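Structure first, then comments.
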Number of protein chains: 2
Amino acid sequence: MNNKEFISELARKLGYTNKDTSQLVSSIIGVMAQELQDGNNIAIQGFGTFEVKKKLERISINPATQQRMLIPPKLVLTYKPSVTLKEKFK
Amino acid sequence: MNNKEFISELARKLGYTNKDTSQLVSSIIGVMAQELQDGNNIAIQGFGTFEVKKKLERISINPATQQRMLIPPKLVLTYKPSVTLKEKFK
């Protein structure tokens, strides 16, 4: 299900226009992205938790050339499904 | 940021009441959960892709007792951040 299909399915369920639904989803994403950039994790009841984690610097070895490379540290966005949501997939 | 804080921040940005915002988020989660249960992945532009993956059956060995256990297959919900969102954490 791509973005367009998701927006129209959501619009149908909410009884909104596609345009309003699309704007709504963009606003929600905007709020979430800002909070995560500020370093705040976001726990959404019934869905799960989004967390920004720091991946440490590490050394990687090219298996072909045995050359060693330093991989710099980076921030990664992770998602952990809530227990209630996980239950739905059992 | 827990669920309550997220809802009130979102309500403030959208200009909705907390109650309406909470219902809205629940409806969105409901649509997403249903689609994922139906086996559909969901790609949300500017945010990322949610995908249900099948983890295969595997044998696990208890390191203390060397006892072998069969871990049954299961479905897991995964999330992959979009490139645009990942860029924001560089």
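The values are calculated or read from the model by the stated rules, or taken from the named source; none is laboratory data. Just so we're clear, the structure is a prediction, and the values are computed from it rather than from any experiment. Positions of Cβ are generated from backbone atoms using ideal geometry, with glycine treated the same way; all protein chains shown enter the neighbour counts.
Could you tell me how many of the residues in region A:1-25 are facing chain B (nearest Cβ under 7 Å) and of a type in the set (S, T, N, Q)?
Selection size over region A:1-25: 2.
From the residues in region A:9-23 that are touching a Leu at 6+ places or on another chain (Cβ under 8 Å) and under 18 Å from B:E35 (Cα atoms), which one is surrounded by the fewest Cβ atoms within 10 Å (Cβ to Cβ)?
A:L14
Would you pick out the residues in region A:51-75 that are surrounded by fewer than 13 Cβ atoms within 10 Å (Cβ to Cβ) and either at positive phi or within 7 Å of chain B (Cβ to nearest Cβ) (or both)? Steps first, answer last, please.
Restricting attention to region A:51-75, the residues satisfying the condition of being surrounded by fewer than 13 Cβ atoms within 10 Å (Cβ to Cβ) are A:53-73.
A:Q66 - this is the single residue of region A:51-75 that is surrounded by fewer than 13 Cβ atoms within 10 Å (Cβ to Cβ) and either at positive phi or within 7 Å of chain B (Cβ to nearest Cβ) (or both).
Working only within region A:35-50, note down all residues that are closer than 23 Å to A:F6 by Cβ, in contact with a helix residue (DSSP H, G or I) (Cβ under 9 Å, 6 or more places away or on another chain) and not aromatic (F, W, Y).
So the first thing to find is which residues in region A:35-50 are closer than 23 Å to A:F6 by Cβ, and the list is A:35-36, A:42-50.
Keeping just the survivors that are in contact with a helix residue (DSSP H, G or I) (Cβ under 9 Å, 6 or more places away or on another chain) gives A:35-36, A:42-48, A:50.
Answer for region A:35-50, where residues must be closer than 23 Å to A:F6 by Cβ, in contact with a helix residue (DSSP H, G or I) (Cβ under 9 Å, 6 or more places away or on another chain) and not aromatic (F, W, Y): A:E35, A:L36, A:I42, A:A43, A:I44, A:Q45, A:G46, A:G48.
For A:E87, which of the numbered conditions (1) more than 7 Å from every other protein chain (Cβ to nearest Cβ); (2) surrounded by 11 or more Cβ atoms within 10 Å (Cβ to Cβ) fails to hold?
(2)
Across region B:52-69, what is the total count of residues that are under 23 Å from A:L85 (Cα atoms) and either outside any strand (DSSP E or B) or assigned by TED's automatic domain parsing to the domain that holds B:Q34 (or both)?
Here the count works out to 2.
Residues are listed down the side, and each one gets a yes or a no for (1) in contact (Cβ under 8 Å) with a residue 40 or more places away in the chain; (2) over 21 Å from B:N40 (Cβ atoms):
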| position | (1), (2) |
| --- | --- |
| A:Q23 | no, yes |
| A:M32 | no, yes |
| A:L36 | yes, yes |
| A:N40 | no, yes |
| A:F47 | no, no |
| A:V52 | no, yes |
| A:K74 | no, yes |
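List the number of the failed condition for B:F6; all other conditions in (1) over 14 Å from A:I29 (Cα atoms); (2) touching a strand residue (DSSP E or B) at 6+ places or on another chain (Cβ under 6 Å); (3) surrounded by 14 or more Cβ atoms within 10 Å (Cβ to Cβ); (4) at pLDDT below 95 hold.
(1) is the only condition that B:F6 fails.
Looking only at residues in region B:26-50 that are more than 7 Å from chain A (Cβ to nearest Cβ) and buried (at least 16 other Cβ atoms within 10 Å of the Cβ), which one is nearest to B:S82 (Cα to Cα)?
So, considering only residues that are more than 7 Å from chain A (Cβ to nearest Cβ) and buried (at least 16 other Cβ atoms within 10 Å of the Cβ), the one nearest to B:S82 (Cα to Cα) is B:G48.
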